[in-house]
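S.K.: Take this structure first; my questions come after.
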There are 4 protein chains.
Amino acid sequence: MSKEDLNIALIGRGFMGRMHSNAWGQVGRFCDPPLNPILHTACDTVEEGLSEYAARWGWQNVCTDWSDVCASPEIDLVDLGVPNYLHAPMAIEALKAGKHVTCEKPLAGALREAREMAEAARASKGKAFVWYSYRGVPAVAFAHQLVKAGTIGDIRHVRAVYLQSWADESVPLAWRFDKKLAGSGAHGDLNAHIIDMTRFVTGEEITEISGAIAETFVKERNKITGNVAGGIAEGLQKAKQKGRVTVDDTVLFLARFSGGAVASFEAARQATGNLSRNGFEINGTKGALRFDFERMTELEYCDLSTERATRGWTTINCSDMAAHPYMGAWWPEGHHIGYEHTFVNMASSFLRVIAGDEPVVPVPDFEDAYKTQRVLEAALVSAAEKRAVPLSEIK
Amino acid sequence: MSKEDLNIALIGRGFMGRMHSNAWGQVGRFCDPPLNPILHTACDTVEEGLSEYAARWGWQNVCTDWSDVCASPEIDLVDLGVPNYLHAPMAIEALKAGKHVTCEKPLAGALREAREMAEAARASKGKAFVWYSYRGVPAVAFAHQLVKAGTIGDIRHVRAVYLQSWADESVPLAWRFDKKLAGSGAHGDLNAHIIDMTRFVTGEEITEISGAIAETFVKERNKITGNVAGGIAEGLQKAKQKGRVTVDDTVLFLARFSGGAVASFEAARQATGNLSRNGFEINGTKGALRFDFERMTELEYCDLSTERATRGWTTINCSDMAAHPYMGAWWPEGHHIGYEHTFVNMASSFLRVIAGDEPVVPVPDFEDAYKTQRVLEAALVSAAEKRAVPLSEIK
Amino acid sequence: MSKEDLNIALIGRGFMGRMHSNAWGQVGRFCDPPLNPILHTACDTVEEGLSEYAARWGWQNVCTDWSDVCASPEIDLVDLGVPNYLHAPMAIEALKAGKHVTCEKPLAGALREAREMAEAARASKGKAFVWYSYRGVPAVAFAHQLVKAGTIGDIRHVRAVYLQSWADESVPLAWRFDKKLAGSGAHGDLNAHIIDMTRFVTGEEITEISGAIAETFVKERNKITGNVAGGIAEGLQKAKQKGRVTVDDTVLFLARFSGGAVASFEAARQATGNLSRNGFEINGTKGALRFDFERMTELEYCDLSTERATRGWTTINCSDMAAHPYMGAWWPEGHHIGYEHTFVNMASSFLRVIAGDEPVVPVPDFEDAYKTQRVLEAALVSAAEKRAVPLSEIK
Amino acid sequence: MSKEDLNIALIGRGFMGRMHSNAWGQVGRFCDPPLNPILHTACDTVEEGLSEYAARWGWQNVCTDWSDVCASPEIDLVDLGVPNYLHAPMAIEALKAGKHVTCEKPLAGALREAREMAEAARASKGKAFVWYSYRGVPAVAFAHQLVKAGTIGDIRHVRAVYLQSWADESVPLAWRFDKKLAGSGAHGDLNAHIIDMTRFVTGEEITEISGAIAETFVKERNKITGNVAGGIAEGLQKAKQKGRVTVDDTVLFLARFSGGAVASFEAARQATGNLSRNGFEINGTKGALRFDFERMTELEYCDLSTERATRGWTTINCSDMAAHPYMGAWWPEGHHIGYEHTFVNMASSFLRVIAGDEPVVPVPDFEDAYKTQRVLEAALVSAAEKRAVPLSEIK
């Protein structure tokens, strides 16, 4: 094949490292990307088990110093699967070295870091993206296309939630509950996704946070003791061992969009009954759309142009190879793809943009992700100060 | 039969007059109430067609002056099916005369009126109720019972919406769009219901409005011209004929409940795709409940006490004559009741309380409905002043 | 009003007596029928409680001898709410006297009786109908209209089930388990409905039973002892007291329709998890329809003429006053009607046909119901003889 | 690693070749199988593009003569992804050479071949399995476990369908419509799956086909002309070019299970509205289960041991790493796996059995698949002879 190779280094090998490894491996097998992704180096500060990990996922080399990765002339793209507080230093160093960067979401734990990352991206010859992976869900990508085509008219209402329920009292004090490591709780973990997703689908920006609540229901958690095998995150976790939860369990906020729509957002980790209800409903003057990740293949669509007698919500099984974005790479209609495929799909669009092609649907660069970060920040200010906060206040 | 008669007078005969007429007629046939409801007098200011109306629904007499009804020694209960601005004068006069009153919701168009009505009820020997009819939905009543029994534990999240979509640009300027007649738009019409419903189901009070948005998307509507046959509401409508919409199309707000839960509420009349999505989701520490009036027979319940492998949302068809509140009066399991039955069910509980019995589930008296009115008011203040509003501010 | 009165006599006052009473009362209040239905006489062989019953439901007179009712010159219509084995003698006597007859389904317990009833109807000046009440469900009536308009093209597949689960081992030997009284079990009780419903919706006839199974899982049941208050059915029940179940618990069959479609049918009383799943799916060359009575307001429709990308099952909430059959008499969209309304709707079409008007949608007369009866019979022959049975064999 | 290698050769590279390639590659990365699967050789009669194919999926060698593969001492397992009529010769030759075999479903196009394959497997030291891949769906595997544990009691009803809609008049005459190549139409393609799946879940055998219908709605199809690139199947297709459809579009049948349950089955390719509705409902004396592949993560469960008031269908999201079979290898709860994972899961169980371990849940060997084949045959006899057929007739 005459495709150019793109040498990738992955930093971090927790949950997201495994996910990214799979994405870079599968994208070549299924998606015919314009560049040939080479799994060049797997990097993690903990050496134990790293070679076995690399062998399993097909990484050709290992490395325990991430600065080496950023400095290496062999590496074209640095992929970050590390906790939020490490995004800024690593991404900025890689961008300064002219590498492309693909960074786990949210862009950063703190707004200032996010701004610096966006600035670094602007200054670099490398391209920089964030893995807001739900843009890689065919149903979500198709919703974006429908809205862009004017199918639902002017948007009046946006409702978005990301509800989970894994964080009851019995869950110990992992890094996700520590503000220093995670930046925030459900807010940065989950609201980040639905802010990005609704911005992506509507094509509009949030102009005001009209009110917000942040709450931590479980204020103390059991410290983690004993030896936790694993990568960067777990190592730090072990070292800290504190009892107080310093992040939110839930953040709700109301907002206005640039086109006049009103909106509500909610992220929660103790929304009993919900495992991964990441979804939205958008009501426009000509139609409406609904999505829930717990049924990720389905998009619900109400089309006001049909006559009243047969009008309703149509459940579209977004799995047609010819009709639905990203599906051409996969299986015949009715044969599902899953969570991991959203990362493979994102990787295929990243590779297309790096090669100078159009992505299947737009993917978020650092500039774009910085906008999401400003919304996250504005919501926290609104919750703390119990007032509406125009986005123009947040730089 | 040895049951005592209860003579009822109905004022108003629009949509709600017809609904109340049916309720008072059917409650005796199906529900075995402790008092014998007599459809004594149908009252409306417009005489045309009134006798025919009375004959159809079984009212024994007609009357065109509502003061006569309040003054009549033959009447035991005055039932109000008139626009919101007429609730206060009529209810107060009836209560002063010692009558029982059953009033359409919301209690009043203005907070001051609501307070006066609650005071009048306190001072009267009559009992006074509000037709918050969704308490008469068996699934909602059962949700109340489950929460009260501790089934879902401490409540952490409340989400409530009442979404409709009938009010696009083509809809003319009916009384519902006039603040003087209606008090408010979607807020008083729809948020009133979900405030009452969540207070009823949770058994808790709202302590703070944490933020709010009120919006009128369609600011001007076509005036209604020509002769509109009908009752009090339509008569006034004809007289006014103005072009500006003076009420909201949508009101969203965030809130906190007395037990610590965080909550979101939304009422909308242009939420395309939704006809009558009046529902809630409540997540507690031991379980969760979900309801949507568009599938009014069903209550969804997640029970954390079951083991993980078989846990999920259980769709309960709340139609068992022995197991579910209010259903004993109706049909065997799986054989639905409908919207109008919720009024019949409410009427049966009203009659039980008047007779000194326990209601099937609690029904809202004026004191209770005044609390809902204060929440409505606080949300409007929050939206106008762009800040959180503690309920203690609102008297 | 200048409408003519129609004097009705109801025979039987069990579950169906109550249902018919309500239907005749409500049809005048809601549906503006062309004749004025008068609840003239309630008839039952057991006198105890009959007057109270009549007072409750608005019947003007009572009677304990059904022959008197058939003979009375004051009665225009005889309505039968009695066990199946009584349909033939009562209907034939009433028809001979020139009365209109409305008979509970199935037409008869035995095919010979059904044939005689159809003959009696043909010979009478009275009109004769059967309460196949699911034709009165707006979603089902709308399905009929869609198919008739060619919306789904040529029909290829019909799937119909009526699944209940009330008949486990603990249920005693009621009249429904006795072949002499009931004719058959789930077959006549439930398959009768789905045979009628699919014939109604498709507009086609069944031409062959291609195979069938009849099974009685619970072969013995506890005898009913003690005094059971009630009407005709319960009286007979008490007298008989036998232990063996002589009807089926379930009957399944495969069939072919006149237009070439293949079909499956299943009735069951021990289909755990199903309360009243009476429904169908019909796949045509241009579209498809799905209905389930457990969500009776909804009709699912797949329209092949829409483009693939947005195609799917549309859930139509069949509650629009202007767009959906029968709904004009009831409440605004999204406000449900229930099980009992299907009888009110049927009554309104019966009255229209008797008055010489078009029904809202076709209602089954005795000729039509006799065709359903022949299908029931053919399925039993097929099950007994373990072979395909062409309908032409069954007279 | 000290795991033993297992050298695999794949024959065929159409849709299923790609699927199997992915399965053998991913199983090592995710599932920790007890043997190390080596993608040794990709074999196809068409050489063009074969090396590129092998490179993409990680096959180390290529080969164009399948006899060489069966003879090679380096190969441990021969995997068949070829049309049905090639299963028997290839599998038998491989088994004679002592290889393990994993064969696409159904076992064979003709019953005689299936019997010979089962005999060959019995005589070989190799183990032989069939890719009835829906046993690899966690929800289906969990249903098997629940039934085996007695959770739903004695089984009374089985309903199974596999409904697709891709085969309208416009679809040309591909190999799937040719009896010589495919053996049968929807029957072998789809009924094979649901026969296997219900046998697997119930743990019972089918003892009688009580009636059946086989129908070909579209009797002629456009011949495929021009050069179709591809493997074995497409090559033969080109050569034949005939116009008549010689397989069924749909086959329905009724059946009895060994434990007394009655059952219905239906496979269809023109069931408009259904893309891949492969599912079942099973009603037992203590509970019930429902599955639909279009929502493959979900299993619906009704548990009669819960009290009536809160009883209903529980939608279990079968994605818990600890609680649900096969999920431990994948992602946290609520994060879906897709169609291709069912093959990876099957591969992991195949490898476990070959290594002498217990599979996650039982996988079908040739003996087991031969039983499914007998049911397929019995249904065709029943349809042709229009009578019930006991399975004992079919050898």
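S.K.: For the rotation that superimposes chain A on chain D, which residue of A has the C-beta lying nearest to the axis, and at what distance in Å?
M.R.: A:Gly338, 2
S.K.: Moving on. Peptide C:209-220: average number of partner chain Cβ atoms within 10 Å per residue? Walk me through the numbers on the way to the answer.
M.R.: Details: counts 1, 10, 16, 4, 10, 2, 6, 0, 7, 2, 0, 0.
What the average comes to for C:209-220 is 5.
S.K.: To the nearest 20 debye, what charge dipole does the stretch B:4-130 have about its Cα centre, counting +1 at the Cβ of each Lys and Arg and -1 at the Cβ of each Asp and Glu?
M.R.: Using Cβ point charges on Lys, Arg, Asp and Glu, the stretch B:4-130 gives about 480 debye.
S.K.: A follow-up question, please. Using the Kirkwood radius built from alpha carbon pairs, what does the Stokes-Einstein equation give as D for chain B at 20 °C and 1.002 mPa s, in µm² per second? Don't jump to the answer; show the numbers that get you there.
M.R.: Details: Rh = 21.6 Å.
D, rounded to a whole number, is 99 µm²/s.
S.K.: Roughly what would the spin-label model give for A:Lys96 and A:Glu220, points 7 Å off Cα along C-beta, in nm?
M.R.: Each label point lies 7 Å from its Cα, and together they span 4.3 nm.
S.K.: Step through the table entries B:Lys96/B:Lys127; D:Lys96/D:Lys127; C:Lys386/D:Lys179, compare each Cα-Cα distance with 20 Å, and write down the pairs that go over it.
M.R.: Values: B:Lys96/B:Lys127 11 Å; D:Lys96/D:Lys127 11 Å; C:Lys386/D:Lys179 29 Å.
Result: C:Lys386/D:Lys179 exceed 20 Å.
S.K.: In addition: Please provide three numbers in whole Å: the alpha-carbon extents of the protein assembly as shown along the principal axes, with the largest listed first.
M.R.: Projected onto its principal axes, the Cα set of the protein assembly as shown covers 98, 80, 56 Å.
S.K.: Looking at D:Gln60, D:Gly25, D:Gly49, which one has the Cα that reaches farthest to the positive end of the dipole of the stretch D:4-133 (charges on Cβ: Lys, Arg +1; Asp, Glu -1)?
M.R.: Looking along the dipole axis, the top candidate is D:Gly25.
S.K.: Now for a separate question. Calculate the spin-label point distance for A:Ser67 paired with C:Met321, positioning each point 7 Å from the Cα along the beta-carbon direction, and give it in nanometres.
M.R.: Distance between label points: 7.6 nm.
S.K.: Antiparallel as a % of all DSSP beta bridges within the protein assembly as shown, to the nearest 5?
M.R.: On the way: 178 of 294 bridges.
For the protein assembly as shown, the DSSP antiparallel bridge percentage is about 60.
S.K.: Here's something else I'd like to know. Across every pair of different alpha-carbon atoms, what Kirkwood hydrodynamic radius in Å does the stretch C:1-75 reach? Intermediate results must be reported in sequence, preceding the final value.
M.R.: On the way: mean 1/r = 0.0791 Å⁻¹.
Averaging 1/r across every pair of different Cα atoms and inverting gives 12.6 Å.
S.K.: Let me ask something additional. Taking the Cα centre of the protein assembly as shown as the origin, how large is its charge dipole in debye, to the nearest 20, when only Lys and Arg (+1) and Asp and Glu (-1) carry charge on their Cβ atoms? Write out the running numbers ahead of the final one.
M.R.: Numbers: 168 positive and 200 negative charges, 1 e Å.
Here the size comes out at about 0 debye.
S.K.: Given bins 5 angstrom wide, list per bin the percent of all Cα-Cα distances in the stretch B:4-130, short to long.
M.R.: With a bin width of 5 Å, the distribution comes to 2, 12, 23, 25, 20, 12, 5, 1.
S.K.: Across the residues of D:296-306, average count of Cβ atoms on other protein chains within 10 Å?
M.R.: Working: counts 5, 7, 3, 3, 4, 6, 6, 5, 4, 0, 4.
Taking the mean over all residues of the peptide, I get 4.
S.K.: OK, next. Only four residue types carry charge here, +1 at the Cβ of Lys and Arg and -1 at the Cβ of Asp and Glu. Report the dipole size of the stretch B:140-181 about the Cα centre in Debye, rounded to the nearest 20. Intermediate values should be presented prior to the final figure.
M.R.: Numbers: 6 positive and 4 negative charges, 45 e Å.
The calculation lands at about 220 debye.
S.K.: Right, something else. At D:Ala71, with labels set 7 Å past Cα in the Cβ direction, how many nm apart are the copies from this one, shortest first?
M.R.: 5.8, 10.1, 11.6
S.K.: I need the inter-copy label distances for B:Gly356: point set 7 Å along Cα to C-beta, values in nm with one decimal, smallest first.
M.R.: 5.9, 8.4, 9.3
S.K.: List the lysines whose Cα lies under 22 Å from the Cα of B:Lys286, skipping any in the same chain that are fewer than 8 positions away.
M.R.: A:Lys219, B:Lys148
S.K.: How far apart, in nm, are the 7 Å Cα→Cβ label points at A:Thr45 and A:Ser392?
M.R.: With each label point 7 Å from Cα toward Cβ, the separation is 4.3 nm.
S.K.: I want the antiparallel fraction of DSSP beta bridges within the stretch A:4-133, as a percent rounded to 5.
M.R.: Working: 0 of 22 bridges.
Of all bridge pairs located within the stretch A:4-133, approximately 0 percent are antiparallel.
S.K.: Of D:Pro106, D:Ala323, D:Gly12, which is farthest on the positive side of the dipole of chain D, counting Cα position, with +1 on Lys and Arg Cβ, -1 on Asp and Glu Cβ, and the Cα centre as origin?
M.R.: Selected residue: D:Pro106.
S.K.: Between A:Ala384 and the same site in the other copies, what are the distances in nm, shortest first, taking label points 7 Å from Cα along the C-beta direction?
M.R.: Result, one decimal in nm: 3.0, 8.0, 8.4.
S.K.: Rank-order B:18-31, B:39-52 by packing density, defined as the average count of other C-beta atoms within 10 Å over each peptide's residues, highest first.
M.R.: Final packing ranking: B:18-31, B:39-52.
S.K.: Can you grab the distance from the C-alpha centre of the stretch A:18-56 to the C-alpha centre of the stretch B:55-113, Å, no decimals?
M.R.: Going from one Cα centre to the other spans 75 Å.
S.K.: Additional query: For peptide B:328-334, what's the mean number of Cβ atoms from other chains within 10 Å of each residue's Cβ?
M.R.: Details: counts 0, 0, 3, 7, 6, 6, 13.
Across B:328-334, the average partner-chain Cβ count within 10 Å equals 5.
S.K.: Now for a separate question. What ranking, highest mean first, results for peptides A:61-68, C:243-250 when packing means the other Cβ atoms within 10 Å averaged over each residue? Present the calculation step by step, with values, prior to reporting the outcome.
M.R.: On the way: A:61-68: 16.0, C:243-250: 19.5.
Descending mean neighbour count gives C:243-250, A:61-68.
No lab work stands behind these numbers, since they all come straight from the coordinates. The shown structure was predicted, so the numbers you read here are calculated from the model rather than taken from an experiment. So basically every Cβ, Gly included, is an ideal-geometry build from the backbone, and we count neighbours across all protein chains shown.
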